[in-house]
Amino acid sequence: MAELITIERHILEQQRKFPGASGELTQLLSDVTFAAKLVRREVIRAGLVDILGSAGAQNVQGEEVKKLDQFANEKFIQAIGHHGRFAVMASEENEDIIIPPTEKSGKYVLLFDPLDGSSNIDANVSVGTIFSIYKRKSALGTTATVQDCLQKGVDQVAAGYVIYGSSVMMVYTTGQGVHGFTLDPTIGEFLLSHPNITIPKRGKIYSINEGYYRYFFDGIKKYIKYLQQEDKETNRPYSARYIGSLVADFHRNLLYGGIFIYPRTKKAPEGKLRLLYEANPLAFVCEQAGGRATDGYKRILDIVPEKLHQRTPLFIGSEEDVKIAEEFEQGLREVEHDRELIPSMLAEVSRAESTLLR
Ligand code: AHG
Ligand code: MN
Ligand code: MN
């Protein structure tokens, strides 16, 4: 039988490789895991308790908030805010930064999306929690500010997500690869199930909300056309998969290979996803797994955030797929003519001509 390694032990062992490491990361990540267990407890009972449905409020993004979003948000703030490890927190669900009661001793910053994919809750489709951890920039003993939250993704010390799916998984990185743990609900522990996850260099899946096709710019339209063409060498056509829960779409592509795109559109020129709570943590995980994450032009982790709820277009997944998508986005690549379509197009033209001549 394989050795059972809990998430706490795994983080501790990783830290041991660094002489002088204080063990703080282990505690930070245990805090996150604990909050995730509380959220999971509610998520799996969502159909049983009277917690489903819209709370009738809107979050700071102007989107409808489900009750479970608020629950998850509160649990995270409650479970994590009192341990004295975080100087400041920011959540997708709160307009402003959250200063925990024990802020002054806290050395770290936590940014999180408490419940990602909330539009899927009522249908029992996977949702998730995404988190991102930084060291504070302001001096210890002072009150942290929003500037502590506006750090580049490249400065994250840890990031990851929890996916509440057919099983519950926690995937994290501290910059030493990506590791996945599955919750054994009978003992309440996350056990190492996916050590050293790497994403294939090229996949066969594309995930984009094609319903917005008419709002896409030409580059993305051409890229979709390219993916739908037949070509044995490059394994096309690709399969389309879109759950509508970023964590679930990303997690699947991380394991199988492929690309997820939430592009800038004519309706949403900055894209929809949030840089600090969604793009940065997943970009860190993706790069650590050997993948690539950009906004179509530049690396996500190098973007200097200007505001808390900043949005960004996101191209994330297998390295080669993301590179090709960028070439289309930047207008550097055109779709080749679909040779198979040419005879049928010519036949169409001659039919039209003969109708006109009649
Ligand atoms: P959240 O539930 O945290 O607001 O995030 C929803 C996000 C993300 O999970 C998903 O990828 C995306 O919204 C889907 O958006 P569209 O419905 O516009 O495709
Ligand atoms: Mn989200
Ligand atoms: Mn959310």
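Report yes if some residue within the range 338-348 is of a type in the set (Gly, Ala, Ser) and under 30 Å from residue 90 (Cβ atoms); otherwise report no.
Here is the first cut: in the range 338-348, the residues of a type in the set (Gly, Ala, Ser) are 344, 347.
Among the residues that remain, those that are also under 30 Å from residue 90 (Cβ atoms) are: none.
No; the residues of the range 338-348 include none that is of a type in the set (Gly, Ala, Ser) and under 30 Å from residue 90 (Cβ atoms).
Scanning the range 135-151 for residues that are in a helix (DSSP H, G or I) and open to solvent by 30 Å² or more (accessible area, probe 1.4 Å), we see that the one that is farthest from residue 304 (Cα to Cα) is 146. Taking residue 132 as the residue in question, decide whether it is within 16 Å of ligand 3 (Cβ to nearest atom), surrounded by fewer than 24 Cβ atoms within 10 Å (Cβ to Cβ) and either under 17 Å from the mean Cα position of the chain (by Cα) or among the basic types (Lys, Arg) (or both). No, not satisfied.
Among the strands (runs of 3 or more DSSP E) contained in the range 152-202, which hold 2 or more residues that are buried (at least 22 other Cβ atoms within 10 Å of the Cβ)?
Values: elements: 158-164, 168-173, 178-184, 189-194.
Qualifying strands (runs of 3 or more DSSP E): 158-164, 168-173, 178-184.
A single member of 329, 353, 348, 320 is open to solvent by 70 Å² or more (accessible area, probe 1.4 Å) and touching a residue at least 60 places away in the same chain (Cβ under 8 Å), and it is 320. The residue pairs whose first member lies in the range 210-226 and is in contact (Cβ under 8 Å) with a residue 24 or more places away in the chain and open to solvent by less than 10 Å² (accessible area, probe 1.4 Å), whose second member is assigned to a helix (DSSP H, G or I) and of a type in the set (Val, Ile, Thr), and whose beta carbons are closer than 9 Å, counting only pairs six or more residues apart or on different chains, are 216/224; 223/324.
Take the range 33-71 and flag every residue that is charged (D, E, K, R), at pLDDT below 75 and within 13 Å of ligand 3 (Cβ to nearest atom). Scanning the range 33-71 gives 63, 64, 66. Listed conditions (1) buried (at least 20 other Cβ atoms within 10 Å of the Cβ); (2) of a type in the set (S, T, N, Q); (3) in contact with a Leu (Cβ under 9 Å, 6 or more places away or on another chain) are all met by residue 310, apart from (1). So, residue 294, is that one under 28 Å from residue 180 (Cβ atoms), buried (at least 23 other Cβ atoms within 10 Å of the Cβ) and free of Cβ contacts under 8 Å to residues at least 40 places away in the same chain or not? Here the answer is yes, as residue 294 does meet what is asked.
The values are calculated or read from the model by the stated rules, or taken from the named source; none is laboratory data. The shown structure was predicted, so the numbers you read here are calculated from the model rather than taken from an experiment. Glycine gets a Cβ as well: all are built from the backbone with ideal geometry, and neighbour counts include every protein chain shown. Just the protein is used for accessible areas: all its heavy atoms, side chains included, with ligands, DNA and RNA removed. Shrake-Rupley method; radii C 1.70, N 1.55, O 1.52, S 1.80 Å.
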